[in-house]
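> Encoded as structure tokens, here's the structure I'll be asking about.
The values are calculated or read from the model by the stated rules, or taken from the named source; none is laboratory data. None of the values given here were measured: they were computed from a predicted structure. Cβ placement follows ideal geometry from the backbone for every residue including glycine, while neighbour counts extend to all protein chains displayed.
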Amino acid sequence: MTVTFGEKKGKKTSVYVDGSFIGSLYPKEINEYDLTDEGDISEETLNMLMEETLLRRAKCYVMNLLVKADKTENELKRKLKENGYSDETSTLAIEYVRSFHYIDELRTAENYVRTKMDNLSEREIRYKLSEKGIDDETIDTAYEQILESIDPERNTEGTSAIEIKAAENFLRKKLGIRSEISYEDKQKIMAAAYRKGFRQESIRSALKNLIGDS
């Protein structure tokens, strides 16, 4: 099997074996395994490199990411790829942390909703969670559990006190210290809130609460 060196990014060099990317290695690791560009590598050495060096390092990297904050599987895959890990190594590292239940996408979704619902619309929250790779069913479950616990009386049209509060916080920043605004300014502010995903009923209720305007 033939080793070839690819792009160098920072301190690490991309390494390929028979044309397949195996990962990015530090100079110390390249020297440890006596690797040279266009040189040979045995199957035994390759297995050791993959398991004892790259996979071990990937596991530690993923664990450190999860200690700092919840991450979805998609986010972890993206981070691993950006840091020079192959798809194979990334999959094994993610399977490792998943076996300890360190990845919980429902928990991630619930935490995100709780931290963002005072300032973002439900639509924007759902969009951002989708970007993280969380499926609609999980988002629905997370949102419903939280809303049911803190706002069981939300109306049948789906407009909740939670979103009205978030709309108030958004509109308050736009209004500043004003207690009255012109019709034109009101339309601009309402349009800005609508673009942020707030429902029209939430926007009207929030404005009424802030400036007594319907």
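> Pick out, from region 1-61, the strands (runs of 3 or more DSSP E) lying fully within it that include 3 or more residues that are within 20 Å of K81 (Cα to Cα), assigned by TED's automatic domain parsing to the domain that holds E75 and in contact with a helix residue (DSSP H, G or I) (Cβ under 8 Å, 6 or more places away or on another chain).
12-17, 20-25
> In addition: Being crowded, with 20+ Cβ neighbours inside 10 Å and among the hydroxyl-bearing types (S, T, Y) is the filter here; which residues of region 113-137 pass it?
Hit for region 113-137 is S121, nothing else.
> Which of (1) surrounded by 13 or more Cβ atoms within 10 Å (Cβ to Cβ); (2) part of a helix (DSSP H, G or I); (3) at pLDDT 90 or above is the odd one out, the single condition F198 does not satisfy?
So the condition that F198 fails would be (2).
> Can you tell me which residue in region 66-83 is farthest from Y112 (Cα to Cα), limited to those that are crowded, with 17+ Cβ neighbours inside 10 Å and free of Cβ contacts under 8 Å to residues at least 24 places away in the same chain?
L80
> Restricting attention to region 84-103, which residues are assigned to a loop (DSSP other than H, G, I, E, B) and surrounded by 14 or more Cβ atoms within 10 Å (Cβ to Cβ)?
G84, S86, Y102, I103
Residues are listed down the side, and each one gets a yes or a no for (1) of a type outside the set (S, T, N, Q); (2) more than 25 Å from S130 (Cα to Cα); (3) modelled with pLDDT of 95 or more:
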| residue | (1), (2), (3) |
| --- | --- |
| F5 | yes, yes, yes |
| K8 | yes, yes, no |
| S14 | no, yes, yes |
| G23 | yes, yes, yes |
| K68 | yes, no, no |
| L80 | yes, no, yes |
